[in-house]
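Q: So that we are looking at the same thing, I have put the structure below in structure tokens.
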Amino acid sequence: MTEFILNDMVVSTALPPGMLLLDFIRYHQHLMGTKIGCREGDCGACTVMVGEIKEDKLVYSTATSCLMPIGNAKGKHIVTIEGLNVEGLNAVQQAFADEGATQCGFCTPGFIVSLAGFCINPATPAYPHAIDAMNGNICRCTGYKSIERAADRVNQMMQQRGGKDPLAFAADHNIIPSWFTGIKEKLGTLTVAKQTAPTNGSEKKLLAGGTDLYVQQHDTMPGENIDFLFDEAVLKGITPGGDECVMGASVTAADIAASPVFRTHFPDLDRYIKLVSSTPIRNMATLAGNFCNASPIGDFTIFFLALDAQVLLSSGVEKRKMPLRNFYPGYKKLNKAPHEFIEKISFRLPQAGSYFNFEKVCKRTYLDIASVNTAIHLQMNGDTIEDAGLAAGGVGPVPLFLKAGSNFLKGKKVEATVLDELLAIIQTEISPISDARGTAAYKRLLLNQLVRAHFRSLAQKPV
């Protein structure tokens, strides 16, 4: 049985846990406010809030229910647009009405849920955060300016919160119904079996966030026999130790964005994260999922290839460690046995005298798949490069560690002639193809321009 709280009601179901939450909400609970749009996590019409207890605190995030199996809702609080109903319009809905921020109304529930999520987030409220909370929602009617004005109204109201409890403040100001304040205690009464990592020989399909598998295998995933790994404790956490950082395989992009470890060692982290998907997808997408997708343009794959990350593979009994740089023998192929899974990822944190940068270009500036992406990590000694890691995506059949280019940089000074030689070398390492994201010639040119951007950024920063 899968048990969780849906709005203000505990639900328990024997339906296949691989069923999508979107379908369960609409077709089995008959809550039609959550809309079916793209079914690929792009439009946000199906957005829900997900509440769970972390370190004895009830925290909420947003998720696209079209990519979330009900197995990942177990023991959590799922909030649809109906769960935000109060007497009359709630404060977020009223702001949308006052600013004319809705037209056909199809996308509106997702926007309201996302902005309500901003209101109960413990982070200090700010207008850019309100806008960012809705970055996974698409509207085809209003032109967004009216939605931005509504977000500004809501943010102005949130400036009154001060140090008050977010849930209590939101309930007092007609943003959420008052029963929200009792959810933490209610979640504590649910019976949730502890998830465990798979054992050797398991024939179940391994699933963490599901943001890729449910797009690629949308017809078969709901009926699969699944090991749900998203909430497995051993696969969570970001732990520094000396100059090394160890992460669980189910760490999400949102976990990385919020991590004090990453924020300390990657000063431009906010800019990098903004290039990676939308807020709801970041809340769901896991690091190991990005690696195991084996996409030639996986953003975090390129990021961690440059950092020479190591992956710890487990069969449930035996474990082995290998460089991420050795993980991709061919297109969509992985250097692992079918029963193995990634348990941990480790890498050496950038130290004093080192430089890291990530660049990405896609057909849209944000919220899109890369045409070409690239990351660089340089260990400097004054103006001399002691060690280098350069990676690129979209320019070959696998995520590429540019070995020849990286080796060439060792011992070199950061000079224009060195950069010209580097660009010539990396052109011999890549083999882009023409596709929907650009011609092969365009991708070659784009990689050169992005590598130039790495060095331009380096020249502007003290190391």
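The values are calculated or read from the model by the stated rules, or taken from the named source; none is laboratory data. Source: prediction; values computed, not measured. Cβ: placed from backbone, ideal geometry, glycine included. Neighbour counts: every protein chain shown. SASA here: full protein model, heavy atoms, side chains in, ligands and nucleic acids out. Shrake-Rupley method; radii C 1.70, N 1.55, O 1.52, S 1.80 Å.
Q: Please find, within region 273-318, the residue that is farthest from the chain's Cα centre (by Cα) out of those that are among the aliphatic types (A, V, I, L, M) and open to solvent by 30 Å² or more (accessible area, probe 1.4 Å). Before you say what the answer is, go through the steps one by one.
A: Restricting attention to region 273-318, the residues satisfying the condition of being among the aliphatic types (A, V, I, L, M) are 273, 275-276, 281, 284-285, 287-288, 294, 297, 302, 305-307, 309, 311-313, 317.
Narrowing further to those that are open to solvent by 30 Å² or more (accessible area, probe 1.4 Å): 312, 317.
Values: 312: 21, 317: 29 Å.
The extreme case among them is 317.
Q: Oh, and also: Filter region 413-428 down to the residues that are crowded, with 18+ Cβ neighbours inside 10 Å and either outside any helix (DSSP H, G or I) or touching a residue at least 40 places away in the same chain (Cβ under 8 Å) (or both) and list them by number.
A: Listed by number, the list holds a single entry, 414.
Q: Another question about this same structure. What number of residues in region 319-372 are within 21 Å of the chain's Cα centre (by Cα), of a type in the set (S, T, N, Q), surrounded by fewer than 22 Cβ atoms within 10 Å (Cβ to Cβ) and in a strand (DSSP E or B)? Quick ask: steps written out before the conclusion?
A: Taking region 319-372 first, the residues within 21 Å of the chain's Cα centre (by Cα) are 324, 332, 341-347, 349, 356-372.
The next check asks that each one be of a type in the set (S, T, N, Q); those that pass are 346, 357, 365, 371.
This time we only want the ones that are surrounded by fewer than 22 Cβ atoms within 10 Å (Cβ to Cβ), so: 346, 365.
So of that shortlist, the ones also in a strand (DSSP E or B) come out as 346.
So the count comes out to 1.
Q: Just to check your reading of the model, which residue among 194, 184 is of a type outside the set (Val, Ile, Thr), in a helix (DSSP H, G or I) and either at pLDDT below 95 or open to solvent by 10 Å² or more (accessible area, probe 1.4 Å) (or both)?
A: Values: 194 fails: in a helix (DSSP H, G or I).
When all the criteria are applied, what remains is 184.
Q: Do you know which residues across region 42-87 are modelled with pLDDT under 95 and on the phi > 0 side of the Ramachandran plot?
A: Within region 42-87, 55, 56 meet the criteria.
A quick yes/no check of all residues on (1) open to solvent by 10 Å² or more (accessible area, probe 1.4 Å); (2) within 15 Å of residue 176 (Cβ to Cβ):
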site: 34; (1), (2): no, no
site: 40; (1), (2): yes, no
site: 53; (1), (2): yes, no
site: 58; (1), (2): yes, yes
site: 64; (1), (2): no, no
site: 72; (1), (2): no, no
site: 81; (1), (2): yes, yes
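Q: If the Cβ limit is 7 Å and pairs must be 6+ apart or interchain, which residue in region 156-167 that is under 12 Å from residue 122 (Cα atoms) and without any contact (Cβ under 8 Å) to a residue 40 or more places away in the chain pairs with which residue that is open to solvent by less than 70 Å² (accessible area, probe 1.4 Å) and aromatic (Phe, Trp, Tyr)?
A: From region 156-167, the pairs are 161/169.
Q: Which residue pairs have Cβ atoms closer than 9 Å, lie 6 or more positions apart in sequence or on different chains, and pair a first residue in region 230-252 that is more than 15 Å from residue 266 (Cα to Cα) with a second residue that is in a strand (DSSP E or B) and aromatic (Phe, Trp, Tyr)?
A: 235/341; 246/347; 247/347; 249/341
Q: Related question: Which residue, of 102, 62, is closer than 19 Å to residue 140 by Cα and not in a helix (DSSP H, G or I)?
A: Details: 62 fails: closer than 19 Å to residue 140 by Cα.
None of the others qualify; the one that does is 102.
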